[in-house]
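First up is the structure itself, then whatever we jot down about it.
The values are calculated or read from the model by the stated rules, or taken from the named source; none is laboratory data. What you are looking at is a predicted structure, and each value in this text was computed from that prediction instead of being measured. We place every Cβ from the backbone using ideal geometry, glycine too, and count neighbours over all the protein chains shown. Just the protein is used for accessible areas: all its heavy atoms, side chains included, with ligands, DNA and RNA removed. Shrake-Rupley method; radii C 1.70, N 1.55, O 1.52, S 1.80 Å.
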Amino acid sequence: VTEMEYINLKGREGRVQAGGIVLLMSPALRLCVRSTQHFHSGRLLHVELLIDGRVVHILAFYGVSACTKTLQKERLQRDIQSTLQRILRSLAGQRVICMGDLNSAARPEDRDNHGERYSYDRSNLALWRSLQEGGFIDSHKETHPVSQHMTFRPAGRGVSRIDAIWASANMPAANRTAVSKNTAPLSSDHATVCATFGLGLRLDKKTAEGQ
């Protein structure tokens with residue numbers, strides 16, 4: 001947790017800003033967890049898994065909405081981006097899956113805004129830039145290059161694709177990806193994004209049941 005997260009609370013209880021993520025996994029996969037780390041009020045979560053003797057890393061994140069709108073948002077986003085870049089550099093050459101709400105759109109077609117993105121989409125602070133510059137692949141874009149499949153759907157209307165799963169270049173290509181038509185029951189306004197990867201790994205026998 002960085003110093004800037006403790007400032008400007010304006011008398012509110014608690015020491016950090018609201019916001020965070022939760023990562024759900026099957027009971028069998030949970031037994032493969034080697035370590036977890038969280039950063040910036042839980043907006044960035046790093047989970048290391050050991051499956052069949054091989055390490056796979058999962059990075060889950062929650063980008064700041066309209067990250068350039070206020071100085072406070074910009075500072076928090078800058079901290080998240082800096083930490084994400086540092087972790088990605090440390091994991092160079094390893095199998096990494098990144099997922100979450102980027103709160104920014106990488107392509108004009110990812111916004112239902114007459115082909116226009118917002119200024120924070122184009123900002124150097126946009127998290128998709130860190131993933132793209134690190135050689136990561138937007139799995140859903142690879143399997144559905146011309147489809148929009150919006151993931152942010154306030155009041156049931158798709159307005160942007162800001163939730164995504166990106167994989168390191170040495171990960172097997174995603175076999176299938178999908179975006180749910182409905183947001184419930186996991187969210188009120190965000191669709192569920194799915195991707196399957198042929199890792200060629202086996203869970204240990206004692207964890208296989210319930211996989």
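Do we find that Ala60 is within 29 Å of Arg30 (Cα to Cα), under 13 Å from the mean Cα position of the chain (by Cα) and surrounded by fewer than 21 Cβ atoms within 10 Å (Cβ to Cβ) in this structure?
Answer is yes for this residue.
Among the residues of the range 50-62, is any over 19 Å from Ala169 (Cβ atoms), in a loop (DSSP other than H, G, I, E, B) and at pLDDT below 95?
Checked against the condition, which is being over 19 Å from Ala169 (Cβ atoms), in a loop (DSSP other than H, G, I, E, B) and at pLDDT below 95, the range 50-62 yields at least one hit.
Out of Gly134, Gly93, which single residue is open to solvent by 10 Å² or more (accessible area, probe 1.4 Å), closer than 18 Å to Ala169 by Cβ and touching a Leu at 6+ places or on another chain (Cβ under 6 Å)?
Answer to the selection: Gly134.
Give me the pairs, please: first residue somewhere in the range 57-77 and within 30 Å of Cys32 (Cα to Cα), second residue anywhere and at pLDDT 95 or above and among the hydroxyl-bearing types (Ser, Thr, Tyr), beta-carbon distance under 8 Å, and either six or more positions apart or on two chains.
Sorted first by the residue in the range 57-77, then by its partner, the pairs are Gly63/Ser104.
Here are the criteria: (1) closer than 18 Å to His190 by Cα; (2) open to solvent by 50 Å² or more (accessible area, probe 1.4 Å). Tell me which single one Arg153 does not satisfy.
With (1) closer than 18 Å to His190 by Cα; (2) open to solvent by 50 Å² or more (accessible area, probe 1.4 Å) applied to Arg153, the lone miss is (2).
Quick check on Ala66: is it open to solvent by less than 70 Å² (accessible area, probe 1.4 Å) and in contact with a strand residue (DSSP E or B) (Cβ under 6 Å, 6 or more places away or on another chain)?
Against the criterion (open to solvent by less than 70 Å² (accessible area, probe 1.4 Å) and in contact with a strand residue (DSSP E or B) (Cβ under 6 Å, 6 or more places away or on another chain)), Ala66 does not qualify.
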